[in-house]
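The structure under discussion appears below in the form of structure tokens.
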Amino acid sequence: MDMEVDVIVTKIPDSLYEQLKALAKSNHRSINSEKIICLEQSIMSWRFEPDGMIDRARQLRKLRAGHLVTDDASNRAKSEGRR
């Protein structure tokens, strides 16, 4: 079980506090619970999973195998996309 610690947030802008308060109310949570949910979602969205990234890189390599793209071809494609 994770140990709980106290974290105090001070001096946040009024507008941010009002948004947090409204969000907590709409989710039927306390402001403190809403702060925890917001932190969890923010931190979890940045979770780094090297194995997943390596697998994805391998898949992309297989997809482009035999499809050499030169600088000229890349520049032509970019120019055409800008028209």
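Since every read-out is calculated from the coordinates, none of them should be taken as a lab result. Because the structure is a prediction, the values reported are computed rather than measured. Here Cβ is always computed from backbone atoms with ideal geometry, including for glycine, and neighbour counts include all displayed protein chains.
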Check your understanding: Residue by residue, what Karplus-based ³J(HN,Hα) values in Hz, rounded to whole numbers, does the stretch 67-82 have, using 6.51, -1.76 and 1.60 with θ = phi - 60° and x for Gly and Pro?
Key -> 10, 6, 10, 7, 4, 4, 5, 5, 5, 5, 5, 5, 5, 5, x, 8
Point to revise | Packing-based order for 3-12, 35-44, 66-75, using average beta carbon neighbours within 10 Å, highest first | key: 35-44, 66-75, 3-12
Point to revise | Read-out Rg/Rh (Cα atoms, Kirkwood Rh), derived from the coordinates shown; its label in (i) 1.29; (ii) 1.08; (iii) 0.99 | key: (i)
Check your understanding: Which of the aspartates and glutamates could be linked to residue 62 by a straight reach, that is with a Cα gap under 19 Å, when you skip same-chain ones fewer than 8 residues away?
Key -> 51
Review point. For the chain, with the dipole built from +1 on Lys and Arg beta-carbon atoms and -1 on Asp and Glu ones, taken about the Cα centre, which of 75, 43, 19 lies farthest toward the positive end?
Key: 75
Point to revise | Karplus-derived HN-Hα couplings along the stretch 16-32 (A = 6.51, B = -1.76, C = 1.60, θ = phi - 60°), whole Hz, x at Gly and Pro | key: 5, 4, 5, 5, 5, 4, 5, 5, 4, 5, 5, 9, 6, 10, 6, 4, 4
Exercise for review: Report, ordered by chain and residue number, the aspartates and glutamates lying within cross-link reach of residue 21, taken as a straight Cα distance under 16 Å and ignoring same-chain residues fewer than 8 apart.
Suggested key: 34
Check your understanding: How long are the three semi-axes of the equivalent ellipsoid of the stretch 19-58, in whole Å, if each is the root of 5 times an eigenvalue of the C-alpha gyration tensor, listed from largest down?
Key -> 33, 8, 6
Study note, to complete from the structure: For the stretch 39-48, in residue order, the Karplus 3J(HN,Hα) values (coefficients 6.51, -1.76, 1.60; θ = phi - 60°; whole Hz; Gly and Pro = x) are 5, 4, 5, 5, 5, 5, 5, 9, 4, 9
